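Please read the structure below before turning to the comments.
The values are calculated or read from the model by the stated rules, or taken from the named source; none is laboratory data. Since the structure is predicted, the reported quantities are computational estimates derived from the model, not experimental observations. Cβ placement follows ideal geometry from the backbone for every residue including glycine, while neighbour counts extend to all protein chains displayed. Surface areas here come from the heavy atoms of the whole protein model, side chains and all, with no ligands, DNA or RNA. Shrake-Rupley method; radii C 1.70, N 1.55, O 1.52, S 1.80 Å.
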Amino acid sequence: MDSRCSSVDSRLTGRGLGSVSSTPLSARVESYEAGEKKCISDVRRTFCLFVTFDLLFITLLWIIELNVSGGVQAQLEKEVLHYDYHASFFDIFLLAVFRFAALILAYAICKLRHWWAVAITTAVSCAFLIVKVILSQLLLQGAFGYLLPIVSFILAWIETWLLDFKVLPQENEDESRYQSFLDAVERAPLMGPGPLSDGQFYSPPESLADSDEDLEDKHDPEKCLIQKVS
């Protein structure tokens, strides 16, 4: 998209759009070009914010679980240094870090325009969470044993829905509209109509063909009849 933004500047400059910037078409193209120079759409930025929210929310829930279970420092040593797959929530936190890193790298840094990255993160998240719930003892550890896997599962699927039904269709629609603007610019005349000359606006001279007497004769039929008889 960076190359497209730079190429648009050269294409529009080469066509001399600065000289016809007063026309409605060029004004619409220039305003649209200014929006495209951001090089990241509003829906994509919203998606990246939601991915960040995913990581922060899972982190917050995990910290609350550590604090409730007997203190953050003691539980960190238990769940991280003495990691146990059957009882630790640390891997759910790492799963959120994996989703954040993969999706931000793919859709914010690389500006990927395909769904395969979010499909991989969602598939990995779902498979890991299902296996962990089946094999581990999280459900015996109170409310957080239910809350953390369910929230992580739901957030992963919301990210997939946002990208597949909001981000990609909206960007494709914007791309089509942008291309139609460029096509309209190519068909538009390079120079606008010149200023109108004074000769194009004139008033016809008054007609002197009919005198006052002729006008009176036209409105006096009896006088005209007498003149014809005589």
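Spin-label pair Thr59-Thr46: with each label point 7 Å from Cα along the Cα-Cβ axis, the two points sit 2.4 nm from one another.
Using a cut-off of 12 Å between beta-carbons, work out the net charge of the residues near Phe93 (Lys and Arg +1, Asp and Glu -1, Phe93 not included).
Within the 12 Å Cβ shell, the charges total -3.
Rolling a 1.4 Å probe over the protein heavy atoms of the stretch 101-143, with every protein chain left in place, gives an accessible area that is 79 percent carbon and sulfur. For the stretch 82-97, 3J(HN,Hα) computed residue by residue from phi via the Karplus equation (6.51, -1.76, 1.60; θ = phi - 60°) reads 10, 4, 10, 4, 7, 10, 9, 9, 4, 5, 5, 5, 5, 5, 5, 5 Hz, glycine and proline entered as x. Whole-Hz Karplus values for the stretch 101-113 come out as 5, 5, 6, 5, 5, 6, 9, 9, 8, 7, 6, 5, 10 Hz, taken residue by residue from phi with 6.51 cos²θ - 1.76 cosθ + 1.60 and θ = phi - 60°; glycine and proline positions read x. Other residues lying with their Cβ under 15 Å from the Cβ of Leu76 contribute a combined charge of -4, Lys and Arg counting +1, Asp and Glu -1. Rolling a 1.4 angstrom probe over the protein heavy atoms with all chains in place gives the stretch 89-134 an accessible area of 46 Å² per residue.
Based on the Cα gyration tensor of the stretch 42-181, what are the three equivalent ellipsoid semi-axes, each the root of five times an eigenvalue, rounded to whole Å and given largest first?
Numbers: eigenvalues 240, 38, 26 Å².
Here the semi-axes work out to 35, 14, 11 Å.
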